[in-house]
1. I need the shape label for the stretch 155-234. Rule: rounded when a/c is under 1.5, else prolate if a/b > b/c, else oblate, with a, b, c from the alpha carbon gyration tensor.
2. If you count the DSSP beta bridges with both ends in the stretch 1-80, what percent of them are antiparallel, to the nearest 5?
3. What net charge is computed for the residues neighbouring ALA214, neighbours being all others with C-beta under 13 Å from the C-beta of ALA214, Lys and Arg scored +1, Asp and Glu -1?
4. How do SER137, SER234 rank by accessible surface area computed with a 1.4 Å probe, from largest to smallest?
5. When the accessible area of the stretch 1-94 is split by element with a 1.4 Å probe, what percent falls to carbon and sulfur?
6. Could you check the simple spin-label distance between ALA121 and VAL228, using points 7 Å along Cα→Cβ, in nm with one decimal?
7. Would you calculate, for the chain, the mean residue ellipticity at 222 nm contributed by helices, counting each DSSP H stretch of 4 or more residues as -39,500 (n - 2.57) and dividing by all residues, to the nearest 500?
8. Lys and Arg at +1, Asp and Glu at -1: add these up for the other residues within a Cβ distance under 11 Å of GLY47 and post the number.
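The values are calculated or read from the model by the stated rules, or taken from the named source; none is laboratory data. What you see is a predicted model; the values in this text were computed from it and never measured. Every residue, glycine among them, receives a Cβ derived from its backbone with ideal geometry; neighbour counts consider all protein chains shown. With ligands, DNA and RNA removed, areas are computed over all heavy atoms of the protein, side chains included. Shrake-Rupley method; radii C 1.70, N 1.55, O 1.52, S 1.80 Å.
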Amino acid sequence: MSAAPSIDLHTHSTCSDGALSPAELVRQAAAAGIAMLALTDHDSVDGVAVAAEAAAAAGLQLVPGVEISALWHSQTVHVLGLWVDPQAAPLRVLLSAQAERRDVRMREICLRLERLRLPGAQLLAAVQAQPGLPTRSHLAQALVAGGHVRGVEDAFRKYLGAGKRAHVAATWPDLGQVVAAIHAAGGAASLAHPARYRLSRSARRRLLTAFAAAGGDALEVVSGGNGVQHAEASASWALEFGLAGSVGSDFHGPHQAWNPLGRYLKLPAGVRPLWQGRCGPSGAAN
Ligand code: AMP
Ligand code: MN
Ligand code: MN
Ligand code: MN
């Protein structure tokens, strides 16, 4: 195992469904001893500039990033764009379309909730009052706050999860289009939490084949969202499909105490670290 205790390439802020502002996230990462941190909000690079400023002050290396929702056939997958130029036109065009899709989808979900005799308009207003792009996490939290469900998990299980009563099929762009936009912004594309998608073994192989064929660069071999037990399997896929590896906690906030910043992020031996050669003067190790 090559230790990577000081690297975390997958985190969220209030620019999507994270609990901490970009600046506070960077401060907490620095306090946790992280030397290289990627901010990867869902479909947004809005926090990158502030995070970079905070990182310069805290002496850590900020990797400008984003976690883009994409479709492979009808399966939603998440692609991390790392070291992207947030100003690149093709990326900005894609992300502004994503914001529009999210807005439309959130309205549709809330209409469905209304039909289920829940206060859809009120819930929509609560989501829209939050900073950042609207996600199902925000809506789940609004459902909890309104006393309509017992917890966030319950909200997904009853209403928001795939196939549940208020679920609305996503219209994300195709996987290949997303990888191309990341590359056009000078970034590297890593398929997030590859073990988390509910796919048969053969379907997962087809997904990995398609991702590699689209020019994908890496798999998120170690993901807080996956649990450590998936790292070895993900590592073997990375080797088989000729992909590098990234590591990330998928941190959403200190309220998820089981998933802190930078926890157990060691890349299994043999997998090429995506960050190799990208360590800056602040000296993030691999
Ligand atoms: P969205 O991108 O709007 O579809 O929202 C997806 C986000 O919702 C994910 O990034 C997670 O943070 C969260 N999420 C998805 N499924 C669940 C679940 N079953 N329980 C809790 N949070 C979830
Ligand atoms: Mn999320
Ligand atoms: Mn994700
Ligand atoms: Mn994430």
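1. Values: a/c = 1.88, a/b = 1.29, b/c = 1.45.
Oblate, because a/c is 1.5 or more while a/b does not exceed b/c.
2. Details: 6 of 13 bridges.
Taking every DSSP beta bridge with both residues in the stretch 1-80, the antiparallel ones total about 45 percent.
3. Values: positive: ARG206; negative: ASP174, ASP217.
Here the charged neighbours net out to -1.
4. Values: SER137 25, SER234 0 Å².
Reading off the accessible areas and sorting them downward yields SER137, SER234.
5. Details: 1810 of 3110 Å².
Reported share for carbon and sulfur atoms: 58 percent.
6. In this crude spin-label approximation the distance works out to 5.1 nm.
7. Values: 9 runs with 104 residues, N = 286.
The helix contribution divided over the chain gives -11000 deg cm²/dmol.
8. On the way: positive: none; negative: GLU24, ASP41, ASP46, GLU53.
Its environment carries a net charge of -4.
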